[in-house]
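Here is the structure we will look at.
The values are calculated or read from the model by the stated rules, or taken from the named source; none is laboratory data. Keep in mind that what you see is a predicted model, and the values were worked out from it rather than measured. Reconstructed Cβ throughout: ideal geometry from the backbone, glycine too, with neighbour counts over all protein chains shown. With ligands, DNA and RNA removed, areas are computed over all heavy atoms of the protein, side chains included. Shrake-Rupley method; radii C 1.70, N 1.55, O 1.52, S 1.80 Å.
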Amino acid sequence: MRQLIAGNWKMNGLGASLAEIEVLRDTLASRPARADILVCPPATLVARACAVAGKAIAIGGQDCHPEPCGAFTGDISAEMLKDAGATSVIVGHSERRQRHGETDDLVAAKARAAWRGGLNAIICIGETEAQRARGETLKVCASQLLASVPDRAAPDSTAIAYEPVWAIGTGKTPTLAEIGEVHTAIRSHLAGRFGDAGRAMRILYGGSVKAANAGGILALRDVNGALVGGASLKAEDFLGIIRASPGASS
Ligand code: PGA
């Protein structure tokens, strides 16, 4: 399965940051990536990012509202992101779950909205530090998968991102064995629920991925890519992670 290396810029980036996408584009033009590449800038930059990204880099959104349009001040719909040129959208990121009180039900509605709007959904799950300390990691991930991933999920429309909340932006990561354990459990959940479709769905790891640790993480079985925050902001850092991808994984 071809890996996906996705960058999540979060609330970072002004027009000048498009220069990073141009560097990515030019570097990948002379030496193509082995993996699929996605950059999710803030919504204000989606259209302009699409204009400079070229064919080798897809552009995505970071969140969408469940409805296609309406009186929802400040929100953005999947249809709007698609119209701006996005091909994917992240839903259920822990920063949305925690700081905006998003529930599994809402995340599932956003994933369905992504598909309705013609976007791929990257559905995020992951345990907090306290949940890991209590030994609840697999249980929490299973219950988030069950409730946040809608029944119609398919490999060409959906990727799962396992992002331990305590690893995001902290420089801390689980051990390779711990990442492998969770990804194996996610694969078995997806295969049990969706059969071959679940076996073909990409499972990304996210949380303090950088060039120095990406090689080990991306070589793990059932790690089919990465969702990268801080290290996706600078083209040079992101390229280090892109180059660490073996391209395909099982
Ligand atoms: P990080 O963020 O790479 O900065 O830890 C990852 C994410 O939140 O997707």
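For the stretch 54-84, residues that are within 18 Å of the chain's Cα centre (by Cα) and within 28 Å of residue 249 (Cα to Cα) total 8.
Looking for whichever is at pLDDT 95 or above and farther than 30 Å from residue 12 by Cα here; the options are 185, 235, 214, 219. Which one fits? If you could, list the steps in order and put the result at the bottom.
Numbers: 235 fails: farther than 30 Å from residue 12 by Cα; 214 fails: farther than 30 Å from residue 12 by Cα; 219 fails: farther than 30 Å from residue 12 by Cα.
Checking each option against the conditions leaves just 185.
Inside the stretch 220-250, residues that are acidic (Asp, Glu) and away from the ligand (no atom under 15 Å from the Cβ) make up a count of 2.
What residue, of 168, 186, 217, is open to solvent by 20 Å² or more (accessible area, probe 1.4 Å) and either within 18 Å of the chain's Cα centre (by Cα) or away from the ligand (no atom under 15 Å from the Cβ) (or both)? 168 is the lone residue from the list that is open to solvent by 20 Å² or more (accessible area, probe 1.4 Å) and either within 18 Å of the chain's Cα centre (by Cα) or away from the ligand (no atom under 15 Å from the Cβ) (or both).
Among residues of the stretch 1-28 that are more than 16 Å from the ligand (Cβ to nearest atom), those with a Cβ under 7 angstrom from a residue that is among the basic types (Lys, Arg), sequence gap 6+ or separate chain, pair up as 1/202; 15/48; 18/48. Suppose the filter is open to solvent by 40 Å² or more (accessible area, probe 1.4 Å) and closer than 16 Å to residue 91 by Cβ; does residue 152 pass it? In short, yes. Output the residues belonging to the stretch 1-17 that are farther than 14 Å from residue 226 by Cβ, small (Gly, Ala, Ser) and out of contact with any Lys or Arg (no Cβ under 9 Å at 6 or more places or on another chain). Those that are farther than 14 Å from residue 226 by Cβ, small (Gly, Ala, Ser) and out of contact with any Lys or Arg (no Cβ under 9 Å at 6 or more places or on another chain): 13, 16, 17.
With respect to (1) in a helix (DSSP H, G or I); (2) open to solvent by 50 Å² or more (accessible area, probe 1.4 Å), the lone exception for residue 135 is condition (1). Residues in the stretch 105-127: is at least one without any contact (Cβ under 8 Å) to a residue 12 or more places away in the chain and among the small types (Gly, Ala, Ser)? No; the residues of the stretch 105-127 include none that is without any contact (Cβ under 8 Å) to a residue 12 or more places away in the chain and among the small types (Gly, Ala, Ser). For first residues located in the stretch 155-172 and on the phi > 0 side of the Ramachandran plot, partners that are within 10 Å of the ligand (Cβ to nearest atom) and modelled with pLDDT of 95 or more and lie 6+ apart or on another chain with Cβ distances below 8 Å form the pairs 169/208; 169/229; 169/230; 171/208.
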